[in-house]
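Encoded as C-alpha coordinates, the structure appears first; notes follow it.
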Amino acid sequence: MSQSQGAQTAPAMPDQNAISSELRRNVTAANIIPLWESGTTAFVQGTEQAFHWPWRVMQPIMQETARITIPAILERRVMMMVNPTIPRNESECCSGLLSAGIQALMPGEVARPHRHSMHALRFVLEGDGGETIVEGKHCAMLPGDLVVTPGWTWHEHHNPQGRPTLWVDILDVAIHRALRNDRFQPGPPQGMKDIAPDRAFANGGLVPAGLEAASAGYSPIFRYAAEDANRAVDAAPAGPDGARLARYVNPVTGGPVLPTIDCCLMRLEQGAATASLHSSGSCVCVVVEGEGESSIGDTLVAWGPKDVFTIPHGQPVSHRCLAGPARIFMASDGVIHDRLQLGART
Ligand code: 1HN
(Lines give C-alpha, C1' and ligand atoms only; values in the text may rest on other atoms or scores of the structure.)
Protein backbone atom coordinates (compact mmCIF):
# COMPACT_ATOMS: atom_id res chain seq x y z
CA MET A 1 0.00 0.00 0.00
CA SER A 2 1.43 3.38 -0.99
CA GLN A 3 1.95 6.36 1.25
CA SER A 4 -0.21 8.51 -1.04
CA GLN A 5 -3.34 6.80 0.16
CA GLY A 6 -2.85 8.55 3.49
CA ALA A 7 -2.44 7.32 7.04
CA GLN A 8 -4.45 4.29 8.04
CA THR A 9 -6.23 4.39 11.33
CA ALA A 10 -5.15 1.57 13.65
CA PRO A 11 -7.92 -0.94 14.39
CA ALA A 12 -9.59 -0.07 17.65
CA MET A 13 -8.01 -1.97 20.55
CA PRO A 14 -10.50 -3.88 22.62
CA ASP A 15 -11.27 -1.96 25.76
CA GLN A 16 -9.26 -3.48 28.62
CA ASN A 17 -12.19 -2.73 30.87
CA ALA A 18 -14.36 -5.12 28.92
CA ILE A 19 -12.84 -7.85 31.05
CA SER A 20 -13.49 -6.17 34.36
CA SER A 21 -17.26 -6.22 34.03
CA GLU A 22 -19.69 -9.13 33.74
CA LEU A 23 -17.21 -11.11 31.61
CA ARG A 24 -14.62 -10.82 34.39
CA ARG A 25 -17.06 -12.25 36.89
CA ASN A 26 -18.00 -15.10 34.55
CA VAL A 27 -14.35 -15.84 33.77
CA THR A 28 -13.50 -16.01 37.44
CA ALA A 29 -16.55 -18.14 38.30
CA ALA A 30 -15.65 -20.56 35.48
CA ASN A 31 -12.11 -21.05 36.87
CA ILE A 32 -10.36 -19.83 33.77
CA ILE A 33 -7.80 -17.11 33.18
CA PRO A 34 -7.08 -15.02 30.07
CA LEU A 35 -3.77 -16.29 28.67
CA TRP A 36 -2.52 -12.70 28.23
CA GLU A 37 -2.89 -12.10 31.98
CA SER A 38 -1.55 -15.46 33.14
CA GLY A 39 2.22 -15.15 32.85
CA THR A 40 2.36 -18.43 30.87
CA THR A 41 3.55 -16.50 27.81
CA ALA A 42 6.21 -14.52 29.65
CA PHE A 43 8.90 -17.20 29.03
CA VAL A 44 10.92 -15.93 31.96
CA GLN A 45 14.38 -17.42 32.44
CA GLY A 46 13.57 -17.76 36.11
CA THR A 47 14.68 -15.83 39.12
CA GLU A 48 16.77 -18.58 40.72
CA GLN A 49 20.17 -17.41 41.90
CA ALA A 50 23.10 -19.36 43.26
CA PHE A 51 22.81 -19.91 46.99
CA HIS A 52 25.32 -20.90 49.68
CA TRP A 53 24.96 -22.77 52.99
CA PRO A 54 28.37 -22.39 54.72
CA TRP A 55 29.43 -25.18 57.10
CA ARG A 56 30.30 -22.61 59.79
CA VAL A 57 26.53 -21.83 59.89
CA MET A 58 25.25 -25.39 59.44
CA GLN A 59 27.64 -27.16 61.85
CA PRO A 60 26.42 -25.53 65.12
CA ILE A 61 22.79 -25.90 63.99
CA MET A 62 23.27 -29.65 63.33
CA GLN A 63 25.13 -30.08 66.62
CA GLU A 64 22.35 -28.46 68.64
CA THR A 65 19.63 -30.28 66.66
CA ALA A 66 21.36 -33.61 67.39
CA ARG A 67 21.52 -32.72 71.10
CA ILE A 68 17.80 -32.12 71.49
CA THR A 69 16.19 -34.58 69.01
CA ILE A 70 16.14 -38.33 68.41
CA PRO A 71 15.48 -40.02 65.05
CA ALA A 72 13.32 -42.67 66.73
CA ILE A 73 10.67 -39.92 66.90
CA LEU A 74 11.59 -37.77 63.89
CA GLU A 75 12.42 -40.73 61.59
CA ARG A 76 15.07 -38.60 59.85
CA ARG A 77 17.05 -35.79 61.47
CA VAL A 78 17.42 -33.67 58.36
CA MET A 79 17.63 -29.91 57.91
CA MET A 80 16.46 -29.15 54.36
CA MET A 81 18.21 -26.32 52.52
CA VAL A 82 15.59 -24.12 50.85
CA ASN A 83 16.74 -21.67 48.20
CA PRO A 84 14.75 -18.45 48.82
CA THR A 85 15.31 -17.25 45.23
CA ILE A 86 13.17 -20.09 43.78
CA PRO A 87 9.55 -18.86 43.54
CA ARG A 88 6.64 -21.09 44.64
CA ASN A 89 9.13 -23.42 46.31
CA GLU A 90 6.60 -25.99 47.55
CA SER A 91 9.01 -28.90 47.04
CA GLU A 92 11.64 -27.10 49.10
CA CYS A 93 14.06 -27.12 46.21
CA CYS A 94 17.62 -26.15 46.68
CA SER A 95 18.54 -25.97 42.99
CA GLY A 96 16.31 -26.58 39.94
CA LEU A 97 14.44 -29.84 40.61
CA LEU A 98 16.83 -30.97 43.35
CA SER A 99 16.17 -30.88 47.09
CA ALA A 100 19.02 -31.15 49.57
CA GLY A 101 19.41 -31.41 53.32
CA ILE A 102 21.97 -32.25 55.97
CA GLN A 103 21.33 -35.37 58.04
CA ALA A 104 23.00 -36.35 61.31
CA LEU A 105 23.04 -39.79 62.91
CA MET A 106 24.63 -40.01 66.35
CA PRO A 107 26.47 -43.09 67.70
CA GLY A 108 23.93 -45.74 68.68
CA GLU A 109 21.18 -44.32 66.44
CA VAL A 110 19.24 -45.93 63.60
CA ALA A 111 17.01 -44.42 60.88
CA ARG A 112 14.46 -47.15 60.17
CA PRO A 113 14.13 -48.97 56.82
CA HIS A 114 11.85 -47.44 54.22
CA ARG A 115 11.63 -46.79 50.52
CA HIS A 116 10.28 -44.01 48.34
CA SER A 117 9.74 -43.27 44.68
CA MET A 118 12.34 -40.48 44.77
CA HIS A 119 15.88 -41.17 43.65
CA ALA A 120 18.28 -40.06 46.36
CA LEU A 121 21.96 -39.85 47.14
CA ARG A 122 23.99 -39.26 50.25
CA PHE A 123 27.40 -37.55 50.18
CA VAL A 124 29.25 -38.07 53.47
CA LEU A 125 30.74 -35.09 55.35
CA GLU A 126 31.84 -36.70 58.64
CA GLY A 127 31.85 -40.10 60.32
CA ASP A 128 33.72 -43.34 60.81
CA GLY A 129 31.28 -46.06 61.87
CA GLY A 130 28.02 -45.37 60.04
CA GLU A 131 26.52 -47.28 57.15
CA THR A 132 23.49 -47.27 54.89
CA ILE A 133 22.01 -50.64 53.93
CA VAL A 134 20.55 -50.45 50.40
CA GLU A 135 18.54 -53.49 49.16
CA GLY A 136 20.51 -55.56 51.68
CA LYS A 137 23.94 -54.25 50.58
CA HIS A 138 26.00 -52.73 53.40
CA CYS A 139 27.48 -49.40 52.32
CA ALA A 140 30.04 -47.84 54.67
CA MET A 141 29.72 -44.08 55.08
CA LEU A 142 33.17 -42.54 55.26
CA PRO A 143 33.92 -38.87 54.51
CA GLY A 144 33.78 -38.24 50.75
CA ASP A 145 31.81 -41.45 50.02
CA LEU A 146 28.77 -41.32 47.75
CA VAL A 147 25.90 -43.72 48.56
CA VAL A 148 22.94 -43.84 46.15
CA THR A 149 19.45 -45.11 46.93
CA PRO A 150 17.63 -45.39 43.59
CA GLY A 151 13.85 -44.92 43.64
CA TRP A 152 11.94 -47.71 45.40
CA THR A 153 15.06 -49.40 46.84
CA TRP A 154 14.87 -50.24 50.54
CA HIS A 155 17.30 -48.29 52.68
CA GLU A 156 18.12 -47.71 56.33
CA HIS A 157 20.89 -45.84 58.13
CA HIS A 158 22.89 -47.14 61.13
CA ASN A 159 25.59 -45.63 63.29
CA PRO A 160 26.48 -48.36 65.79
CA GLN A 161 29.68 -46.78 67.11
CA GLY A 162 32.30 -44.10 66.63
CA ARG A 163 31.64 -40.47 65.81
CA PRO A 164 28.47 -38.74 64.62
CA THR A 165 27.84 -39.41 60.93
CA LEU A 166 26.76 -36.38 58.91
CA TRP A 167 25.93 -36.31 55.25
CA VAL A 168 24.22 -34.30 52.52
CA ASP A 169 21.00 -35.86 51.17
CA ILE A 170 20.13 -34.89 47.59
CA LEU A 171 16.78 -36.02 46.13
CA ASP A 172 14.65 -35.39 43.04
CA VAL A 173 11.56 -34.47 45.07
CA ALA A 174 10.11 -31.82 42.72
CA ILE A 175 9.72 -34.00 39.64
CA HIS A 176 7.80 -36.62 41.67
CA ARG A 177 5.52 -33.94 43.14
CA ALA A 178 4.92 -32.43 39.70
CA LEU A 179 4.03 -35.85 38.22
CA ARG A 180 1.98 -36.89 41.31
CA ASN A 181 4.38 -39.80 41.67
CA ASP A 182 5.26 -39.32 45.33
CA ARG A 183 5.19 -42.75 47.06
CA PHE A 184 6.56 -43.82 50.43
CA GLN A 185 6.54 -47.20 52.19
CA PRO A 186 7.84 -47.92 55.68
CA GLY A 187 9.77 -51.16 56.35
CA PRO A 188 10.33 -53.93 57.11
CA PRO A 189 11.92 -54.54 53.70
CA GLN A 190 10.27 -57.18 51.56
CA GLY A 191 10.96 -58.62 48.10
CA MET A 192 14.55 -57.40 47.94
CA LYS A 193 16.46 -58.11 44.74
CA ASP A 194 19.53 -60.28 44.52
CA ILE A 195 22.19 -57.88 43.28
CA ALA A 196 25.74 -58.84 42.21
CA PRO A 197 28.33 -57.88 44.86
CA ASP A 198 30.41 -54.72 44.39
CA ARG A 199 33.58 -56.79 43.90
CA ALA A 200 32.08 -58.03 40.60
CA PHE A 201 32.51 -54.44 39.32
CA ALA A 202 35.92 -53.69 40.85
CA ASN A 203 37.96 -54.61 37.76
CA GLY A 204 38.12 -51.45 35.63
CA GLY A 205 36.27 -51.84 32.34
CA LEU A 206 35.02 -55.38 33.04
CA VAL A 207 31.54 -56.19 34.32
CA PRO A 208 29.62 -59.44 34.69
CA ALA A 209 27.96 -60.32 31.35
CA GLY A 210 24.20 -60.56 30.99
CA LEU A 211 23.27 -57.98 33.61
CA GLU A 212 21.71 -55.54 31.15
CA ALA A 213 18.48 -57.51 30.84
CA ALA A 214 18.36 -58.43 34.53
CA SER A 215 19.09 -54.86 35.64
CA ALA A 216 16.29 -53.17 37.54
CA GLY A 217 17.13 -49.93 35.74
CA TYR A 218 19.62 -48.69 38.30
CA SER A 219 23.28 -49.09 39.12
CA PRO A 220 24.17 -52.39 40.91
CA ILE A 221 26.74 -50.36 42.88
CA PHE A 222 25.29 -48.23 45.66
CA ARG A 223 28.56 -47.06 47.28
CA TYR A 224 31.26 -45.08 45.46
CA ALA A 225 34.21 -44.84 47.86
CA ALA A 226 36.02 -41.52 48.28
CA GLU A 227 39.40 -43.14 47.64
CA ASP A 228 38.24 -44.51 44.25
CA ALA A 229 36.71 -41.18 43.23
CA ASN A 230 39.86 -39.30 44.27
CA ARG A 231 42.08 -41.66 42.27
CA ALA A 232 39.83 -41.30 39.23
CA VAL A 233 39.74 -37.50 39.32
CA ASP A 234 43.49 -37.23 39.93
CA ALA A 235 44.10 -39.32 36.79
CA ALA A 236 41.52 -37.50 34.64
CA PRO A 237 42.88 -35.13 31.97
CA ALA A 238 41.96 -31.46 32.43
CA GLY A 239 38.79 -30.50 30.53
CA PRO A 240 38.11 -27.46 28.29
CA ASP A 241 37.61 -25.16 31.29
CA GLY A 242 40.82 -26.35 33.00
CA ALA A 243 39.14 -28.51 35.69
CA ARG A 244 39.56 -32.29 36.09
CA LEU A 245 36.26 -34.15 36.34
CA ALA A 246 35.46 -37.76 37.20
CA ARG A 247 31.89 -38.93 36.57
CA TYR A 248 30.18 -41.49 38.80
CA VAL A 249 28.46 -43.98 36.47
CA ASN A 250 26.28 -47.05 36.44
CA PRO A 251 28.97 -49.62 35.47
CA VAL A 252 26.51 -51.70 33.44
CA THR A 253 25.32 -48.88 31.17
CA GLY A 254 27.98 -46.17 31.53
CA GLY A 255 25.04 -43.83 32.17
CA PRO A 256 24.33 -41.52 35.11
CA VAL A 257 24.51 -42.93 38.61
CA LEU A 258 20.79 -42.22 39.09
CA PRO A 259 18.14 -41.85 36.35
CA THR A 260 17.51 -38.19 37.27
CA ILE A 261 20.77 -37.11 38.91
CA ASP A 262 24.23 -37.07 37.33
CA CYS A 263 27.24 -36.80 39.67
CA CYS A 264 30.83 -35.68 39.20
CA LEU A 265 33.85 -34.96 41.33
CA MET A 266 35.85 -31.89 40.24
CA ARG A 267 39.50 -31.23 41.08
CA LEU A 268 41.05 -27.77 40.85
CA GLU A 269 44.72 -27.05 41.42
CA GLN A 270 45.76 -24.28 43.79
CA GLY A 271 45.73 -20.95 41.96
CA ALA A 272 43.76 -22.36 39.00
CA ALA A 273 40.73 -20.57 37.61
CA THR A 274 38.35 -22.26 35.19
CA ALA A 275 37.11 -20.69 31.98
CA SER A 276 33.54 -19.39 32.19
CA LEU A 277 31.02 -21.94 30.90
CA HIS A 278 27.22 -21.94 31.01
CA SER A 279 25.80 -24.59 33.32
CA SER A 280 23.45 -27.10 31.75
CA GLY A 281 21.15 -28.36 34.42
CA SER A 282 20.91 -27.11 37.99
CA CYS A 283 23.55 -28.30 40.36
CA VAL A 284 24.15 -28.86 44.09
CA CYS A 285 27.86 -28.61 44.98
CA VAL A 286 29.48 -29.98 48.15
CA VAL A 287 33.03 -28.84 48.88
CA VAL A 288 35.15 -31.82 49.94
CA GLU A 289 38.39 -29.96 50.48
CA GLY A 290 40.13 -26.73 49.55
CA GLU A 291 39.02 -23.12 49.47
CA GLY A 292 38.08 -20.82 46.68
CA GLU A 293 35.41 -18.76 45.05
CA SER A 294 32.92 -19.32 42.26
CA SER A 295 31.36 -16.68 40.08
CA ILE A 296 27.85 -17.90 39.23
CA GLY A 297 25.65 -15.48 37.26
CA ASP A 298 25.61 -12.32 39.40
CA THR A 299 26.64 -14.13 42.60
CA LEU A 300 30.11 -14.70 44.03
CA VAL A 301 30.32 -17.67 46.43
CA ALA A 302 33.41 -17.89 48.69
CA TRP A 303 33.57 -21.57 49.67
CA GLY A 304 35.45 -23.84 52.06
CA PRO A 305 35.26 -27.48 53.22
CA LYS A 306 31.77 -28.98 53.76
CA ASP A 307 30.02 -25.89 52.35
CA VAL A 308 27.06 -26.51 50.06
CA PHE A 309 26.28 -24.11 47.21
CA THR A 310 24.15 -24.23 44.08
CA ILE A 311 24.49 -23.43 40.39
CA PRO A 312 21.21 -22.59 38.61
CA HIS A 313 20.59 -23.93 35.09
CA GLY A 314 21.94 -21.80 32.25
CA GLN A 315 24.13 -19.38 34.20
CA PRO A 316 27.78 -18.58 33.43
CA VAL A 317 30.06 -20.27 35.97
CA SER A 318 33.76 -20.06 36.72
CA HIS A 319 35.63 -21.40 39.74
CA ARG A 320 38.89 -20.23 41.29
CA CYS A 321 40.87 -22.33 43.78
CA LEU A 322 42.64 -20.24 46.42
CA ALA A 323 43.86 -23.07 48.69
CA GLY A 324 44.17 -26.47 47.10
CA PRO A 325 43.95 -28.81 45.59
CA ALA A 326 40.20 -28.38 45.87
CA ARG A 327 37.70 -31.18 45.36
CA ILE A 328 34.03 -30.39 44.81
CA PHE A 329 31.26 -32.99 44.51
CA MET A 330 28.54 -31.93 42.05
CA ALA A 331 25.05 -33.40 41.57
CA SER A 332 23.10 -32.12 38.56
CA ASP A 333 19.54 -32.47 37.28
CA GLY A 334 20.78 -31.87 33.68
CA VAL A 335 20.10 -35.53 32.90
CA ILE A 336 16.35 -34.76 33.19
CA HIS A 337 16.67 -32.09 30.49
CA ASP A 338 18.64 -34.54 28.30
CA ARG A 339 16.30 -37.51 28.78
CA LEU A 340 13.18 -35.47 28.12
CA GLN A 341 14.79 -33.65 25.18
CA LEU A 342 13.56 -30.36 26.54
CA GLY A 343 15.10 -28.42 23.70
CA ALA A 344 16.72 -25.06 24.23
CA ARG A 345 19.99 -25.35 26.11
CA THR A 346 22.44 -22.61 26.77
C1 1HN B 1 14.53 -39.32 53.07
O2 1HN B 1 13.82 -40.45 52.99
C3 1HN B 1 15.84 -39.34 53.53
O4 1HN B 1 16.01 -41.67 53.57
C5 1HN B 1 16.56 -38.17 53.62
O6 1HN B 1 17.49 -40.58 54.62
C7 1HN B 1 16.02 -36.96 53.25
C8 1HN B 1 14.15 -35.68 52.39
C9 1HN B 1 12.89 -35.62 51.90
C10 1HN B 1 12.13 -36.78 51.80
C11 1HN B 1 12.64 -38.01 52.17
C12 1HN B 1 16.48 -40.64 53.95
C13 1HN B 1 14.71 -36.90 52.77
C14 1HN B 1 13.95 -38.09 52.67
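The values are calculated or read from the model by the stated rules, or taken from the named source; none is laboratory data. Only a predicted model underlies this, so the values are computations on that prediction, with no experimental measurement involved. We place every Cβ from the backbone using ideal geometry, glycine too, and count neighbours over all the protein chains shown. With ligands, DNA and RNA removed, areas are computed over all heavy atoms of the protein, side chains included. Shrake-Rupley method; radii C 1.70, N 1.55, O 1.52, S 1.80 Å.
Laid out as a table, the results:
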item: Answer residue from the stretch 73-85, given it is among the aliphatic types (A, V, I, L, M) and in contact with a strand residue (DSSP E or B) (Cβ under 8 Å, 6 or more places away or on another chain) and is nearest to the ligand (Cβ to nearest atom) among those; result: Val78
item: Residue in the stretch 161-170 that is among the acidic types (Asp, Glu), open to solvent by less than 20 Å² (accessible area, probe 1.4 Å) and touching a residue at least 60 places away in the same chain (Cβ under 8 Å) present; result: yes
item: Every residue from the stretch 87-110 that is under 16 Å from Val148 (Cα atoms) and within 10 Å of the ligand (Cβ to nearest atom); result: Ser99, Ala100, Gly101, Ile102, Gln103
item: Flag for Ile70 being over 30 Å from Thr299 (Cβ atoms) and open to solvent by 50 Å² or more (accessible area, probe 1.4 Å); result: yes
item: Residue pairs meeting the criteria (Cβ under 9 Å; at least 6 apart or on separate chains; first under 18 Å from His158 (Cα atoms), in the stretch 67-82; second in a loop (DSSP other than H, G, I, E, B) and within 10 Å of the ligand (Cβ to nearest atom)); result: Thr69/Arg77; Ile70/Arg77; Pro71/Arg77
item: Listing of strands (runs of 3 or more DSSP E) fully contained in the stretch 285-346 that carry 2 or more residues being surrounded by fewer than 19 Cβ atoms within 10 Å (Cβ to Cβ); result: 299-303, 316-332
item: Residue list for the stretch 240-263, restricted to those being under 17 Å from Ala326 (Cβ atoms) and open to solvent by 30 Å² or more (accessible area, probe 1.4 Å); result: Asp241, Gly242, Arg244, Leu245
item: Residue count, the stretch 191-229 (criterion: open to solvent by 50 Å² or more (accessible area, probe 1.4 Å) and in a helix (DSSP H, G or I)); result: 7
item: Filtered residues of the stretch 126-149 (kept if buried (at least 20 other Cβ atoms within 10 Å of the Cβ) and either within 12 Å of the ligand (Cβ to nearest atom) or within 22 Å of Ala72 (Cα to Cα) (or both)); result: Gly127, Gly130, Glu131, Thr132, Val134, Glu135, Cys139, Met141, Val147, Val148, Thr149
item: Per-region count, the stretch 257-274, residues of a type in the set (A, V, I, L, M), free of Cβ contacts under 8 Å to residues at least 60 places away in the same chain and touching a Cys at 6+ places or on another chain (Cβ under 6 Å); result: 1
item: Filter pass, Gln185 being farther than 27 Å from Gly271 by Cα, outside any helix (DSSP H, G or I) and open to solvent by 70 Å² or more (accessible area, probe 1.4 Å); result: no
